[in-house]
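What follows is a short report on a single structure.
Coordinate-derived values only; no laboratory data. These figures come from a predicted structure and were not determined experimentally. No Cβ is skipped: glycine too gets one built from the backbone with ideal geometry, and neighbour counts run over all protein chains shown.
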Amino acid sequence: MRGIICTLLILFGAWTHATEKKPTVAEAQSFMDDVEAELARLGVEASHAAWVNANFITYDTEILTSKATERLLVANMDYAKQATRFDGLELPADLARKFKLLKLTITLPTPSDPKLAEELTQITTRMKGVYGKGRYCREDGTCLSLGELSATLASSRDPEALLEAWQGWRTISPEMRKDFTRYVELANQGARDLGFKDLGDLWTSAYDMPGKDFQAELDRLWTQVKPLYESLHAYVRMKLRQHYGDEVVPKDGPIPAHLLGNMWSQTWSNIYPLVAPASSDPGYDLTAILQERKTDPIQMVKYGEAFFTSLGFEPLPDTFWERSLFTKPQDRDVVCHASAWCLDNIDDLRIKMCIEINDEDFITIHHELGHNFYQRAYNQQPTMFLGSANDGFHEAVGDTLALSITPKYLVDLGFLNEEPDPSKDTGLLLRLALDKVAFLPFGLLIDQWRWKVFSGEVTPESYNQAWWALRLKYQGIAPPVTRSEADFDPGAKYHVPANVPYTRYFLAHVLQFQFHRALAKEAGQTGPLHRASIYGSKKAGERLNTMLEMGLSQPWPDALAALSGETSMDANAVIDYFAPLKAWLDEQIKDQPKGW
Ligand code: X8Z
Ligand code: ZN
């Protein structure tokens, strides 16, 4: 009996193989047309649900968004699996690229079992909600939001107050630990269903090269900028030690994480007053200027829009102003973490931000609008190509414009009466380096941690310890109080519970200097790059638009070439920009230890 079944099966197998028709290019094209139409439809539905949820975090909106997301992700996964029947078929380049992207643009792959797919989307929605609703409540019952705690970290110089804010925010994340652990299992299962080793393998495969090569690229870029970071670190440590004393800041060890002016120690410009070079401080403070002028949130956004229109881009649509969220509502929970949306894949552009009147948010507004103008520029592309060349490009566009917020630009706006003398450039460069250079190791380590978690190299028993090991290795910072596995510090950073890959920001911090260098040249700027502004240059705008409108239709080196003529990412753009500062820093720290 057994033998007969086997023989039959073998025969049947051979028969199906012999008669199965090889799919044609026309069938592949028609399959892809259907996929694009359906994914566009489900994507728009999911976006509307997610918009409402992020603006009103409630029990019901979590259910609605989680269902809509599940429908989109499950369909995407199904299509990606069905698409394997066209494997090996010779396709025109555009179509072949769409088939590749069908898999590679999934950042949250759901398991095949519908129950598990549902569980995964519920978990991610819930984690995001916990973060959005997060507050630190003191024993006396008073509660503080992330915005309030961040304001303390930015402006207080009292180590006790800083410590309370730092520790306080980290009380919101231990409750995510269980969900996060399960999310790792489920999303990994989804990634394996698509043929990847784990979720990190899927994420790193989305850069037009094998994942391993991409990781080597990251190492290369980090090696280029590391000496600059180490000089900045040593200088800041020296200055903080002068301010807080040897008891608080070690001479040659890591910097305590609560002293750097930011909740995650990712950007440090809020402590610029503590480290400013006495003789070359440019002497203006954008936060103070904005506040003195009584700039309101809408006006802040108008300045950002005006920068884009000065380059030749069309103004934002009326619906942008009607539908965006600009300030933190007092009566409900919202996700305050800034984001930019295009709800209909055409022109329903919006930002969602809890704007405060300060320089940080002035820059963030440009960042967000960069997303919106990119989204609009590529809206003629087919669904599969609605995206940036790689995810770092999307993050780099607004930042590129923000690099043009030079003293000259502030004079043009009427914010400053005159430009500071070039002898003050050290101060200008240092202030920018505190954001851009300080960010680099942070931008790198979040996913270094997640990739280890996804691969199983880091297990739940050592989540927090592995996190701080990487914070030490890359950033040279240490927690101000002992941490343990009862904590879940990665969860206190938005992108971890929200499942947003983070390497994009590291790339953006390199790319924006390449973009700036190229566009400044296009705008005919010949002076030093930190004084170059592309404001008002239609030529630079055209060049930028050439890249933006390509969307995701070409491999990213081609998009980069369209803007800059270069075909690889190059951190020398960062090194060149900050070269005068590096020399100055090294002079300041010549008797100081470097490293930690
Ligand atoms: O998340 C963001 C943007 C939205 S894409 C506000 N950024 C990263 C962060 O806040 O951690 C911008 C820079 C890094
Ligand atoms: Zn962004």
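Quick notes on this structure:
- Placing +1 on each Lys and Arg Cβ and -1 on each Asp and Glu Cβ, with no other charges, gives the chain a dipole about its Cα centre of roughly 860 debye.
- Cα gyration tensor shape for the range 369-496, rounded if a/c is under 1.5, else prolate or oblate: oblate
- Both radii were evaluated on the Cα set of the chain; the Rg over Rh quotient, with Rh as the Kirkwood radius, amounts to 0.98.
- Backbone phi angles across the range 466-480, fed through the Karplus curve with coefficients 6.51, -1.76 and 1.60 (θ = phi - 60°), yield HN-Hα couplings of 5, 4, 6, 5, 6, 4, 5, 4, 8, 8, x, 10, 9, x, x Hz in residue order; Gly and Pro are listed as x.
- Pair Q588, A93: separation of 7 Å Cα→Cβ label points (nm): 4.8 nm
- Long pairs among K67/K100; K128/K251; K133/K178; K100/K212, criterion Cα-Cα beyond 28 Å: K128/K251
- Of the GluC sites (Glu not before Pro) in the range 355-456, those whose Cβ has at most 14 other Cβ within 10 Å and which sit in DSSP loop: E418
- Annotation: the residues T459, T204, sorted from fewest to most other C-beta atoms within 10 Å of their own C-beta, follow the order T459, T204.
- Averaging Cα coordinates gives a centre for the range 110-125 and one for the range 140-177; these two points are 32 Å apart.
- Axis of helix 146-155 versus longest Cα principal axis of the chain: the two differ by about 30°, to the nearest ten degrees.
- Assigned charges on the beta-carbon of Lys, Arg, Asp, Glu; the range 118-221 dipole about Cα centre (debye): 140 debye
- Across the range 322-423, the mean sequence separation of Cα contacts (distance under 8 Å, 6 or more residues apart), normalised by length, yields a relative contact order of 21 percent.
- Local net charge near S568, Cβ-Cβ under 10 Å (Lys/Arg +1, Asp/Glu -1): -2
- Assuming charge only on the beta carbon of Lys and Arg (+1) and of Asp and Glu (-1), the dipole of the range 382-448 about its Cα centre is about 60 debye to the nearest 20.
- Computed from the Cα positions only, the extents of the range 189-264 along the three principal axes stand at 54, 27, 18 Å, in decreasing order.
- The Cα center of the range 387-403 and the Cα center of the range 519-568 differ in position by 11 Å.
- Ranked by the mean number of other Cβ atoms within 10 Å per residue, highest first, peptides 516-524, 432-440, 293-301 order as 432-440, 516-524, 293-301.
- Once you reduce the range 334-373 and the range 53-90 to the center of their Cα atoms, the two points are 24 Å from each other.
- Each residue of the range 333-339 was assigned a 3J(HN,Hα) from its phi angle through the Karplus expression (A = 6.51, B = -1.76, C = 1.60, θ = phi - 60°), giving 8, 10, 7, 7, 4, 4, 8 Hz with x at Gly and Pro.
- Each of F362, F393 was scored by other Cβ atoms within 10 Å of its Cβ. Arranged with the fewest first, they read F362, F393.
- Table column - 3J(HN,Hα) (Hz), the range 63-76, Karplus curve with 6.51, -1.76, 1.60, x for Gly and Pro: 5, 5, 6, 5, 5, 5, 5, 4, 4, 5, 5, 5, 4, 4
- Both numbers refer to the Cα atoms of the range 290-394; Rg and Dmax are 14.1, 46 Å.
- Residues whose amide H comes within less than 5 Å of that of I255, counting only those at least five positions distant or on another chain, are I477, A478 (H built at 1.01 Å from N in the peptide plane).
- Percent of beta bridges antiparallel (DSSP, the chain, rounded to nearest 5): 65 percent
- For L144, the residues whose modelled amide H falls within less than 5 Å of its own, excluding neighbours fewer than 5 places apart on the same chain, are Y136, C137, R138.
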